[in-house]
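The values are calculated or read from the model by the stated rules, or taken from the named source; none is laboratory data. As the structure is a computational prediction, the values presented were derived from the model and not from experiment. Quick reminder, even Gly has a Cβ in these numbers, built from the backbone with ideal geometry, and neighbours come from all protein chains shown. Calculation scope for accessible area: heavy atoms of the full protein, side chains included, ligands and nucleic acids excluded. Shrake-Rupley method; radii C 1.70, N 1.55, O 1.52, S 1.80 Å.
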Amino acid sequence: MLQSLETRSAWTANDAPVSDVETIVLSHEAVNDEYRHLVLRAGRPATLAAPGQFFHLLCPASGQDKPYLRRPMSTYKADPEAGTLEFLYKIAGLGTRALTTLKPGDSFRVLGPLGVGFTLDDSWRSIVVLGRGVGLATLAPLAEAAARKGIGVTAILSARRPDLVMSAERFAAIGADVRPVLDSDGSSAPENVRAILGSLAREGRADAIFTCGSNRLFRLAKDFATEQGIAGQVALEQQMACGLGMCFCCVRKFEVDGELVDKRVCWDGPVFDLKEATSW
Amino acid sequence: MLQSLETRSAWTANDAPVSDVETIVLSHEAVNDEYRHLVLRAGRPATLAAPGQFFHLLCPASGQDKPYLRRPMSTYKADPEAGTLEFLYKIAGLGTRALTTLKPGDSFRVLGPLGVGFTLDDSWRSIVVLGRGVGLATLAPLAEAAARKGIGVTAILSARRPDLVMSAERFAAIGADVRPVLDSDGSSAPENVRAILGSLAREGRADAIFTCGSNRLFRLAKDFATEQGIAGQVALEQQMACGLGMCFCCVRKFEVDGELVDKRVCWDGPVFDLKEATSW
Amino acid sequence: MVTAASSSAAPVSLGVEVGGLRLQNPVMPASGTFAEGLARVMDLNRLGAFVTKTITREFRAGNPVPRVCETTEGLINSIGIPSKGLDYFRDNVVPFYRAYSPPLVVSISAPTVDGFASMARDLTIPGVAAIEANISCPNIEEDGRSFAMEPRLTEAVTAAMRRATALPLWVKLTPNTGDIVAVARAAEAGGADAVVVANTILAMRIDTETFRPKLGNVLGGLSGPAVKPIALRMVYQCADKLAIPVIGCGGIATAEDAVEFMLAGARAVQVGTTTFVRPMAMIEIIDGLAAFCARRGIADVNALVGAVVDGNAAPEEAEALL
Amino acid sequence: MVTAASSSAAPVSLGVEVGGLRLQNPVMPASGTFAEGLARVMDLNRLGAFVTKTITREFRAGNPVPRVCETTEGLINSIGIPSKGLDYFRDNVVPFYRAYSPPLVVSISAPTVDGFASMARDLTIPGVAAIEANISCPNIEEDGRSFAMEPRLTEAVTAAMRRATALPLWVKLTPNTGDIVAVARAAEAGGADAVVVANTILAMRIDTETFRPKLGNVLGGLSGPAVKPIALRMVYQCADKLAIPVIGCGGIATAEDAVEFMLAGARAVQVGTTTFVRPMAMIEIIDGLAAFCARRGIADVNALVGAVVDGNAAPEEAEALL
Ligand SMILES: Cc1cc2nc3c(=O)[nH]c(=O)nc-3n(C[C@H](O)[C@H](O)[C@H](O)COP(=O)(O)OP(=O)(O)OC[C@H]3O[C@@H](n4cnc5c(N)ncnc54)[C@H](O)[C@@H]3O)c2cc1C
Ligand SMILES: Cc1cc2nc3c(=O)[nH]c(=O)nc-3n(C[C@H](O)[C@H](O)[C@H](O)COP(=O)(O)OP(=O)(O)OC[C@H]3O[C@@H](n4cnc5c(N)ncnc54)[C@H](O)[C@@H]3O)c2cc1C
Ligand SMILES: Cc1cc2nc3c(=O)[nH]c(=O)nc-3n(C[C@H](O)[C@H](O)[C@H](O)COP(=O)(O)O)c2cc1C
Ligand SMILES: Cc1cc2nc3c(=O)[nH]c(=O)nc-3n(C[C@H](O)[C@H](O)[C@H](O)COP(=O)(O)O)c2cc1C
Ligand code: FES
Ligand code: FES
C-alpha cells in the first residue's frame, strides 16, 4: 500500500527545513512566446526539493507591475550538487510578467521547498505520467526520480501544437517512452489518450499514474486508475497567499470517506491521491 | 523696476508648456559620496527650462524603496540644442535613494519645466550669487544666463570643505569671480561673507543678489539687499505633491504689505523676491 | 456625445447623465486635486467636468505645514481648506473656467446648516453648473460633529441646500462613518441629485527619527491607490441602495480602476491623488475607457454601470464571514 | 528579559507587560496569519506570543474560493473562519504549542454573548495563556449587527467573558466602526485587559475581464501596508483614551513600522499579512527593534510607548481641518 500523503512521511525531503533563499539568476530564457525557463543559484537546502514540491517566488516590482503576494511555482529541476534550482513558467498576469524582467546576475527570494511532493512506491516497475502545458514542468522531475529508482516511465505529453510539447527531451533523456498527443492532429482527444492508457495497462506498464496541468486529463487519469485499481497522484493548483498552511485560502474539495472536505493545496498537497481529488 | 514675479511674465520660458517627458538617462555619476549628477535626453520643450525653474521627477521603484510622490529638482542645466537636461542632487531619503538606481539607457519621467524662475533686469551690470550645497546647482544656470546677457557675476560658494564646493568650474567657465568660503577654514562665517558683500557693493559690483540653499545665507542676503537698496531673489524649497499649484501643500510665509501671507513655492515660486521671503 | 476609441474604429459613447448634468465622459477631477495649473499640461476640454477645491465663505489660512506626507502607495493630507473666500472665487475663478466647455462643479463647505444653504444660494450664478457639498466638516451647532458622520445631520444640511438652489446638488460623503449606506440614503432623502463616494480616510504617520507626527495637523486624510478597494466597496454598497447616481472616488489611477468603479455601480468617477503622480492620468483614463469598451464590444459606457455579476452574494452579511 | 541588540553591544530590554501577560518582546503574529507551519521557517521561541487563527465552538467550513485577492500593497481576504471546532483545537493544537515557551493566545468567535462567554470558560485550561475575542462577527441576537460596531454590544460581550474566565482577556476591534474610541472604551469598561487595534477594513475588488467580484464572498477585509496609516491613527486615538494597553495591528512590515505604532501608543504589535510575503518578518522586526533602541540609546523598549511628540495638536478636531 501507498503511504498516506497526509502524514508527510513520503520518501523524499518533504519535511526538509524551509528557507527563504536569496537566489541569483544564472539564466532566463524564452522557451517560446508564453514560457520562460529560469535557472537559479540557490544552494542547499532549497535544492533538496523533492519532485512535486514547490517554491513561493517573491516577484520583483517592475514599472507599473507591483505584485504584492508571492507566486507558487513547481520545482522544474533541483540539483543539490550544482546548487541550482530551475522553474518553467507561463506568463499569465501581473506576477509572472514581473518575473520576466529578471536578468542573469539579479537576485530575488524564493521560499521553499514547500508542500508534499509525489510518492514513489518501491514495488512499482512502470508508471505513466500524463500532463499538459506547465504541468509537464511538474512531472519531469518525478520521471527522473522514477528512473533513478529503476522504475520505467511512459510520458504522455499533451499540447496544442508540436512546438508546445514541453520538456520532451527531459523525458527522453531518462529513457522514457515519450508519446506526444496534439490538438493540432487530434491525437490529444480523450478517446485516443484512453486508448493509449488501455494498451499500456494491457502491457503491464501502468502500476501507477501521475497527472498535472489539465482537468480533462485529471478526469481521464482518475477514471483509469479506478478502473484498473491502480494508484494515482495529481499535482493541483490553487491561488495561494502564505504557502505554509496558515491562511486557508488555497483549499479545494476532496472526497474522504464519502464526504467532501476542504484541504489546503499548499500544505496537504500540492500532490494528492487521485482517489481523493475532485474535478475542478 | 523689476517685473513682478507673480505675473509670470518673466524674461524666460516661465509660461512654456509643461510636459511629462519620458527621458533617457545618458549619464549618472557620483560627484562625491552624497551628490549625484544626472544627465538626460529630454528634447523640447523640457530643455527650454529657465534658470530657477524646476522639474518633478517620477523616481523609479527599487527594491524596498517605492516612493509614491514625485520629487522636485532644480534645473542644473538645460540645453535645447543638445536636447539634454541635467540635475545635481543630494541623496536625502527614499526618493533620491531610488533615483540613484537609474543607469544609462534607463528611462523615466520628468514633469516640467515648472514654476517661476529667476528674473534678470537688463539694467544690471553686475550681480552676486551666494549659495551653498545643492543650492549652487540652482544658481549655476542663472550665472550662465547673466553672462549671456553680458552681466558680470561674482559667485560666493559656501561649503563645509574644499571638495564640497559644487560646480565652481561652471561659474569659472563663464568668467565669474569665484569666491569659495569654507567651514573648514572659517571663511564661511557670516562676518566674513558680509565683508565680501560689503566690498563688492563698494566696488559697484552688486546690482542685485541671488541666493539659494541656506537659511543663514538667505538672511545675510536679505539684510544686505535691504541695506544697499538693491534687488534680490531667493530660490526656496518646500515639500511638494502636485508641483502645479493645485494642492496647496508647498506653502511658505511671505511678507506682503506688512502682512504674512501663504504662497505656493511650486507656483508662485520657487524663486521669490528677497523682500517678501521670510526666514525658515 | 460620441468619442472614437483610440484602439478601434468602432465609436463608443462615453456620455453619462449624472446628478442633473450631462457629461461628455464620466471622468472628472476630485476636489482639492485640481486647479487652473493643470491647463498647462492638458487640454481641459477633454474632461467630463471640473470640480474645484472646496471653498468657504470667508478667507481661511489652512493648516500648518507639513501638509502632506507620503505613505505606501498613498498620500495623507491635511491641507485645511485654505480659501480666499466666496467673493474672490466668484470674481476670479469662475471666469477662468468660462473659456472651457465642461461644466464647473463648485465644492463648498461651511460650519453650519445655514452656512451651506447660503453658499449654495450665492453660487447659483452663471458659470456654475452644480454644487458639490463637502460635508465632512464639523457642524459647530452640533458640538463639532461632522455632518457626514450622521444620517440626521446629512439629511438636514442637504435639505437646506436643496431649498436654497435649483442647481444640481451633489453630496460628498466621508468613509470614516460606520454606516455609509445610511448616510447616503439620508443625502438622497434630503434631495441630493448624486452622492460622491468618498472623501479621504482619517490616517496618520509618525517620523521615527524625530518622534513627531509627519503632518503639522497630526491627523490627515489618506488617499491614493492604497484606499481604492475600500472606496470601491462603499460605492458598491451605496449604489445598490440608492436611486440617485453614485460618483466613485478613491484611488482611481487607471482606466481599469475606472471600469471597476463603474461595474460596482458608479455612474462617473473622480480622479484625485493620481493626478499628482501622473498629471495626464485623467486623459489616459478617458482614452482607456473608450478603448476598453471598444475591445469588449460595448457601445455605450453606461452599460458598465452596476454590471458586476454577483448573483450568489449576500454583501450585507459579508462582514459576518471574514 | 534582556536581549542583545544585533548592531550594538548595549543590552536593550524588549520585555513588555501587556494585558496581563509578560512578553519577552512586543512582537506577535496576528490571528489568521499564523499556524504551526511557520515552525518550518523560524524559531518560534523568538516570538513575544502566539496568537491562533480564530476558532468557533463548532465545525465551520469557511467561505467559497477565491478567498483572497491581491491589491496595491495589500490583500483582501474572506476566508470565513473555517474551524475544526473547540474540541479538536483543545486536543490537537494546544498540545503543539506546549513545546514552546511564548504564551499561547487563543482567538475566539461566537454568534452570541453566551457563546463567547462559554468558549472563554471552556478554554480556561493549561496551555492557554490568554483569550483574544474577535468580536467583528455578527451578533445573531441583535439582528446580525457586529458586536464590534457598537459600544453597547462590545461592553456586554466583554463583560460576559470577563465573568467566565480569569485569563487575561484581549478584545480585538474592527476599524469599520465610525467611532473606534467609543468601542475601545466599552471594551475597557467591560473588563478587557487589552484591546487589539485593529482587524481588517471591509473592501472589495472586481475582475474587469469577467465582471465578477474577485472574492467568492464578494466583500472581504483589507490588510497589509495599504492600511497601515489608518490602523496607526486608530491606535493613536485609542491609546490616549484608555488605561489598558493597546496592541497595534495593521500593515506592520518593518521594525520602523513597529516603532511608529509604539510611538503612537501601542504596547505591543501584531504582524499579519507581511508574514505571507516575508515569512521571517517577525524575527527581523524583533531584531530591528533592538537595533533601533540601541542606536538611539534607548535601554527599554517601553520608553517608546506613546512617546510621539504632538504638543501643538488637537487630534480630536482633526477632521475639521482636513
Ligand atoms: C503548487 C503550484 C505550482 C505551480 N507551478 C507552476 C509552474 O511550474 N509553472 C507555471 O507557469 N505556473 C505554475 N503555477 C501557477 C502559477 O502560480 C500562476 O500561473 C501564477 O501565480 C499566476 O500569477 P500572475 O500574477 O502571473 O497571474 P494573475 O492572474 O495576475 O494572478 C492573480 C492571482 O491569481 C493567482 N493565480 C492565477 N493563476 C493561478 C494558478 N493557475 N494557480 C494558482 N494561483 C493562480 C496568483 O497567484 C495571484 O494571486 C503553479 C501553481 C501552484 C499552486
Ligand atoms: C523647487 C525645488 C528644487 C529642488 N532642487 C533640488 C536640487 O536641485 N537638488 C537636490 O538635491 N535637491 C533639490 N530639492 C530638494 C529635493 O526635492 C529633496 O531633497 C527631495 O525631495 C528629498 O526626497 P527624498 O525622498 O530623498 O527624501 P525624504 O526625506 O525621504 O523625503 C520625504 C518627503 O519630504 C520631502 N522633502 C524632503 N526634503 C525636502 C526638501 N529639502 N525640499 C522639498 N521637499 C523635501 C520629499 O519630497 C518627500 O515628500 C529641491 C526642492 C525643491 C522644492
Ligand atoms: C491634497 C488633497 C486635497 C484635498 N482637498 C479636498 C477638498 O478641498 N475638498 C474635498 O471634498 N476633498 C478634498 N480632497 C479629497 C479628494 O477630493 C478625494 O476625495 C480623495 O483624495 C480620494 O480620491 P483619490 O484617492 O483619487 O485622491 C483632497 C485630497 C487631497 C489629496
Ligand atoms: C488571511 C487572513 C486571515 C485572517 N483571519 C483572522 C481571524 O481568523 N481572526 C482575526 O481576528 N483576524 C483575522 N485576520 C486579521 C488579522 O489578524 C489582522 O487583524 C489584519 O490582517 C491586519 O493586520 P495585517 O495588515 O498585519 O495583516 C486575518 C487576516 C488575514 C490576511
Ligand atoms: S496558501 Fe495559505 S494555507 Fe495554503
Ligand atoms: S505642490 Fe501642490 S500646490 Fe505646490
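Put a dot 7 Å past the Cα of residue A:279, heading toward its Cβ, do the same for residue A:172, and the two dots end up 3.5 nm apart.
Roll a 1.4 angstrom probe over the protein heavy atoms and tell me the percent of accessible area of the range B:126-235 that is carbon or sulfur. That share works out to 50 percent. Computed from point charges on the beta carbon alone (+1 for Lys and Arg, -1 for Asp and Glu), the dipole magnitude for chain D about its Cα centre is near 680 Debye.
Annotation: per residue accessible area for chain C equals 31 Å², rounded to a whole number [probe 1.4 Å, protein chains only]. Burial here means at least 10 square angstrom less accessible surface with every protein chain in place than with the chain by itself, probed at 1.4 Å; in the range C:226-241 the buried residues are C:226, C:228, C:229, C:230, C:232, C:233, C:236, C:237. Nearest 100 Å², what total accessible surface is buried between chain A and chain D (probe 1.4 Å)? In total, chains A and D hide about 2400 Å² from solvent. As a fraction of the 1.4 Å probe accessible area of the range A:19-114, surface on carbon and sulfur atoms comes out at 48 percent.
Rounded to the nearest 500, the helix-only mean residue ellipticity at 222 nm of chain C stands at -7500 deg cm²/dmol, with each DSSP H run of n ≥ 4 adding -39,500 (n - 2.57). For peptide A:249-255, the mean count of partner chain Cβ atoms within 10 Å of a residue's Cβ comes to 4. Once backbone amide H atoms are built at 1.01 Å from N, residue C:53 has C:32, C:34 as its partners under 5 Å, excluding neighbours fewer than 5 places away on the same chain. Which residues in the range B:245-280 have a backbone N closer than 17 Å to a point placed 7 Å from the Cα of residue B:226 along the Cα-to-Cβ line? Zone members listed by number: B:253-261, B:273-280.
Pairs of alpha carbons in chain D separated by more than 30 Å make up 30% of all such pairs. Summary value for the range A:159-213: 27 percent relative contact order, contacts being C-alpha pairs under 8 angstrom separated by 6+ residues. Based on protein heavy atoms only, the range B:126-235 ends up with 36 Å² per residue of surface accessible to a 1.4 Å probe.
Residues whose amide H falls under 5 Å from that of residue B:251, counting only those 5 or more places apart or on a different chain, are B:265, with hydrogens built in the peptide plane.
Note on the protein assembly as shown: dipole from Cβ charges, positive end direction compared against C:61, C:153, A:156; the farthest Cα belongs to A:156. Angle, helix B:190-202 long axis vs. longest principal axis of chain B, Cα atoms, 0 to 90°, nearest 10? Between the helix axis and the principal axis of chain B, the angle is about 70 degrees. Would you mind getting me the FRET efficiency between residue B:260 and residue B:27? Use the beta-carbon distance for r and R0 = 35 Å, nearest 0.05. For R0 = 35 Å, the calculated efficiency reads 0.20.
I'd like the carbon and sulfur percentage of the solvent accessible area for chain D, probe radius 1.4 Å, heavy atoms only, ligands and nucleic acids excluded. Answer for chain D: carbon and sulfur cover 51 percent of the accessible area. Across the range B:256-269, coupling constants 3J(HN,Hα) worked out from phi with the 6.51/-1.76/1.60 Karplus curve, θ = phi - 60°, read 10, 6, x, 10, 8, 10, 7, 10, 8, 4, 6, 10, 7, x Hz, and Gly and Pro carry x. Contact residues in the range A:227-242 (at least 40 Å² less accessible area with all protein chains than alone, 1.4 Å probe): A:239.
In percent, rounded to a whole number, the relative contact order of the range D:16-321 is 18, using alpha-carbon pairs under 8 Å and six or more apart.
Shown for the range C:16-321: lysine pairs separated by 8 or more places, or found on different chains, whose C-alpha atoms are under 27 Å apart, numbering 11. Basic side chains Lys and Arg get +1 at the Cβ, acidic Asp and Glu get -1 at the Cβ, and with that the dipole of the protein assembly as shown about its Cα centre reaches some 920 debye. Within the shell defined by Cβ-Cβ distances under 15 Å, the residues around residue A:188 carry a net charge of +3, with Lys and Arg each +1 and Asp and Glu each -1. The simple spin-label model puts a point 7 Å past each Cα toward its Cβ; for residue C:121 and residue A:202 those points are separated by 9.7 nm. Peptide packing: for A:52-58, D:32-38, the average count of neighbouring Cβ atoms within 10 Å per residue gives the ranking A:52-58, D:32-38, highest mean first. Taking every C-alpha pair closer than 8 Å and separated by at least 6 residues, the mean separation divided by the residue count of chain B gives a relative contact order of 17 percent. Here the label points at residue B:106 and residue D:256, each 7 Å from Cα along the C-beta direction, are separated by 1.8 nm in the simple model.
Counting Cβ atoms of other protein chains within 10 Å of each residue's Cβ and taking the mean over peptide B:62-69 gives 5. Our coupling estimate for the range D:210-218, obtained by passing each phi through the Karplus curve with A = 6.51, B = -1.76, C = 1.60 and θ = phi - 60°, is 9, 6, 9, x, 7, 10, x, 8, 6 Hz, Gly and Pro reported as x.
A label point on residue B:191, set 7 Å along the Cα-to-Cβ line, lies at 10.6 nm from each of its counterparts in the other copies, closest listed first. Could you tell me which of rounded, prolate or oblate describes the range A:97-200, using a ≥ b ≥ c as the square roots of the eigenvalues of the alpha-carbon gyration tensor, with rounded for a/c under 1.5 and, failing that, prolate when a/b is larger than b/c and oblate otherwise? Oblate shape, in that a/c is at least 1.5 and b/c is the bigger or equal ratio. Structure remark: mean-square fluctuation, Gaussian network model of chain D, C-alpha springs under 10 Å; the largest value among D:112, D:154, D:273 belongs to D:112.
Relative to the Cα centre, the charge distribution of chain A, modelled as +1 at Lys and Arg Cβ and -1 at Asp and Glu Cβ, gives a dipole magnitude of about 420 debye.
Distances between placed amide hydrogens fall under 5 Å for residue D:146 paired with D:139, all partners being 5 or more residues away or on another chain. Buried between C and D is an accessible area of approximately 5700 Å², summed over both sides with a 1.4 Å probe. Sorting D:14-23, D:216-225, C:167-176 by average packing, meaning the other beta carbons within 10 Å per residue, from highest down gives D:216-225, C:167-176, D:14-23.
What shape does the range D:72-117 have by the C-alpha gyration tensor, where a ≥ b ≥ c are the square roots of the eigenvalues, rounded means a/c under 1.5, and otherwise prolate means a/b greater than b/c and oblate the rest? The shape class here is oblate. Axis of helix B:135-148 versus longest Cα principal axis of chain B: the two differ by about 70°, to the nearest ten degrees. Taking a ≥ b ≥ c as the square roots of the eigenvalues of the Cα gyration tensor, an a/c ratio of 1.5 or more together with a/b larger than b/c marks the range A:136-280 as prolate. What FRET efficiency do you get for residue B:121 and residue C:112 if R0 is 60 Å and r is their Cβ-Cβ distance, rounded to the nearest 0.05? Taking R0 as 60 Å, the efficiency between residue B:121 and residue C:112 is 0.75.
Peptides A:207-214, B:19-26, B:116-123, D:40-47 ordered by packing proxy, namely the average of other Cβ atoms within 10 Å per residue, highest first: A:207-214, B:116-123, B:19-26, D:40-47.
Residue by residue along C:52-65, Cβ atoms of other protein chains within 10 Å of the local Cβ number 2 on average.
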